[in-house]
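A.B. asks: One structure coming up, written as structure tokens, with questions to follow.
The values are calculated or read from the model by the stated rules, or taken from the named source; none is laboratory data. Here the structure is a predicted model, which is why all the values come from computation and not from measurement. Don't worry about glycine lacking a Cβ; one is built from the backbone with ideal geometry, like all the others, and counts go over all protein chains shown.
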């Protein structure tokens, strides 16, 4: 039961983008860290700015 | 539930089995499985048929709304289980072992394998806007039956199929957009048509939605102040998420939702305060100007300040209210008072002119089939899906849910007394400005309503008047308020009413912001072909110029809609419907073309069937809008009638003043309709030519599907 609630909570966080930064760090650790030209990961603030701006590029809402 | 039940039971009926047989021996179940499965689906089919025949055959007495819900759920379940599964397995041949773009192009940002429920949530939030709420409300003038049948059949055979196949084809093409797929698979003409069509639909859609909000706020200090308050609330949340607590979205949203609910309450205080009241008691025209200024600012301001936070808030509001409405309907089981069919199927309806065929199919676009969805299904969603096997759930399933929202809107409209429904929704130009005249006219149609009844209702809802509040939002809000009021407390009617208005306004304004912005990007993209600098999305003069052009486009139609004594909705909504169905037809053309080119000619009817129907209804509707002699249907007929009256001096001074603008607008709308139909037929002919060349063995553009690559994902962790 507790596990299900926690899974649900994870999904809600992911759905809203609440955990976007944590997932970015994870993705960074898995992918970018292996590359040569290492840039340090973005700060939470800087990442969030970029994430939000990129989200609103294309068609997002309809009738 | 036993360990591993999920892997054993994949179809919904096995889910039911798993619930029933929690502790039973799995191997025993497997034995009985086939028979029980059959019995369950037989029961669903019988129940669905029974519910459907009840709503279709009942005449004279009112029926319970639960029948509509039952019929809808049974039809959706059967269609999802059998038709959608068959399309996925046989027509599209979905390949679970194939890596999706989310996996292959994973960049941690827009391409990213994502949990299927999260994708479902994103996709549903993106496709479900105000459309499925407004369309059914307007179409209820024909009675509850035609709209309900079209919502059910249209979604199951048309809309959900379109969404699913578009999503599938886009996933097989690196998440490319509908316009790009049209260009790659059919040719430059199809691609350009899709692009221009999208742009024009956006303009008309924003105008008509703006009109709906204006009509909901007209002379309503409560509604106007509440809707106005949502703007600073969204900005505060934007600042909170950006600067105070960066990225803490759930926390910020919770504060925002609380503030929004408080703004509904505060609107009531404004309404009772004599000095504040006059500040927000506005004419339609000044509200329209306010919305135009707002739309321009929202498009120019950075997204994080207004658009993004507003979108969060409206999404929570939307999901919350839809769930609340479903619960209320099930608890309350209200009776439907509207007849199954009204006399207005002959084309004389007060809300919009035109016969049942084709206009019910034009009026209800979203909820049955909506071309706009094809843009979402070929936009963000295909970049998130971790495995092809979830295409049915996301593409087909989300559309069924949207269709269900449309059914609930239909229920909310038809539980009202028909007399009340027509009093709220009939424009003053049809029933007369004075309450006495309006009531007399509505009574003459055979629908009982009195002036006292309407006054009492307005008082209960905290409004000064509910006559001629066209656009669908007020009548939906009255319907929702009466359902909520009965289910959760009757003394709060006015609060529920304004909550419903706020809920509609907030995501109409989100669509308005987002649409203006997308329109701006498209325009910048086009202008970039002529002048490189203008194509840069961060170049401020270009941003201002293109935003102003887009806002001027929809602002014009909004302005005309407001000054039109017939309410404007009767012109703009059918135009929007034709445009939206045209876009759906383009999406289905692309899909049919790809099916034929993939050697699946014998299955091409899956998309060709809804395509044929859409072409029939849009062409018929457009023909009537252009050539009909009925001044409430034909654009030219209306323009000629108005000019004759103007020349003869038969118009009162206030109408004569706006007549030239209305005449010009009728002509413009007529040419726009001609343009839409021409675009549609060009794409169809282009598609047919491609298909015929392919079948004759002549060369056509090659399929642009990317080659198969096996998935590396152990998909259980992302999907479940």
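A.B. asks: Could you look through the range B:251-263, keep only residues that are touching a residue at least 24 places away in the same chain (Cβ under 8 Å) and more than 14 Å from chain A (Cβ to nearest Cβ), and pick out the one that is nearest to residue B:228 (Cα to Cα)? Please lay out each step first, then the result.
C.D. replies: If we filter the range B:251-263 for residues that are touching a residue at least 24 places away in the same chain (Cβ under 8 Å), which is where we start, we get B:252-253, B:256-257, B:259-261, B:263.
The next check asks that each one be more than 14 Å from chain A (Cβ to nearest Cβ); those that pass are B:259-261, B:263.
Numbers: B:259: 13, B:260: 11, B:261: 13, B:263: 9 Å.
Among those that are touching a residue at least 24 places away in the same chain (Cβ under 8 Å) and more than 14 Å from chain A (Cβ to nearest Cβ), it is B:263.
Here is a yes/no grid of residues against (1) touching a helix residue (DSSP H, G or I) at 6+ places or on another chain (Cβ under 8 Å); (2) assigned to a helix (DSSP H, G or I); (3) within 14 Å of chain A (Cβ to nearest Cβ); (4) modelled with pLDDT of 95 or more:
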{"position": "B:16", "(1), (2), (3), (4)": "yes, yes, no, no"}
{"position": "B:23", "(1), (2), (3), (4)": "no, no, no, no"}
{"position": "B:28", "(1), (2), (3), (4)": "no, yes, no, no"}
{"position": "B:33", "(1), (2), (3), (4)": "yes, yes, no, no"}
{"position": "B:53", "(1), (2), (3), (4)": "no, yes, no, no"}
{"position": "B:72", "(1), (2), (3), (4)": "yes, yes, no, yes"}
{"position": "B:84", "(1), (2), (3), (4)": "yes, yes, no, yes"}
{"position": "B:103", "(1), (2), (3), (4)": "no, yes, yes, no"}
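A.B. asks: Here is a follow-up. Across the range B:370-400, what is the total count of residues that are in a helix (DSSP H, G or I), over 17 Å from residue B:169 (Cα atoms) and modelled with pLDDT under 95?
C.D. replies: Number satisfying all stated conditions: 0.
For every residue, the table says whether it meets (1) within 14 Å of chain A (Cβ to nearest Cβ); (2) buried (at least 23 other Cβ atoms within 10 Å of the Cβ); (3) in contact (Cβ under 8 Å) with a residue 12 or more places away in the chain; (4) not in a loop (DSSP other than H, G, I, E, B).
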residue: B:282; (1), (2), (3), (4): no, no, yes, no
residue: B:285; (1), (2), (3), (4): no, no, yes, yes
residue: B:290; (1), (2), (3), (4): no, no, no, yes
residue: B:293; (1), (2), (3), (4): no, no, no, yes
residue: B:331; (1), (2), (3), (4): no, no, yes, yes
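A.B. asks: Would you check which residues across the range B:112-145 are under 27 Å from residue B:51 (Cα atoms) and touching a strand residue (DSSP E or B) at 6+ places or on another chain (Cβ under 9 Å) and list them?
C.D. replies: Passing the criteria: only B:144.
A.B. asks: Can you tell me which residue is farthest from the chain's Cα centre (by Cα) among those in the range B:168-180 that are in a helix (DSSP H, G or I) and within 14 Å of another protein chain (Cβ to nearest Cβ)?
C.D. replies: Result: B:180.
A.B. asks: Please tell me if residue B:631 is part of a helix (DSSP H, G or I) and surrounded by 14 or more Cβ atoms within 10 Å (Cβ to Cβ).
C.D. replies: Spelling it out, it is not the case that residue B:631 is part of a helix (DSSP H, G or I) and surrounded by 14 or more Cβ atoms within 10 Å (Cβ to Cβ).
A.B. asks: Listed residues B:326, B:266, B:299; which is modelled with pLDDT under 95, more than 14 Å from chain A (Cβ to nearest Cβ) and not in a loop (DSSP other than H, G, I, E, B)?
C.D. replies: B:326
A.B. asks: Pull up the range B:231-250, narrow it to residues that are within 9 Å of chain A (Cβ to nearest Cβ) and without any contact (Cβ under 8 Å) to a residue 60 or more places away in the chain, then point me to the one that is surrounded by the most Cβ atoms within 10 Å (Cβ to Cβ).
C.D. replies: Among them, the one singled out is B:247.
A.B. asks: While we're here: What number of residues within the range A:29-63 are surrounded by 11 or more Cβ atoms within 10 Å (Cβ to Cβ), in a loop (DSSP other than H, G, I, E, B) and modelled with pLDDT of 70 or more?
C.D. replies: Number of matching residues: 9.
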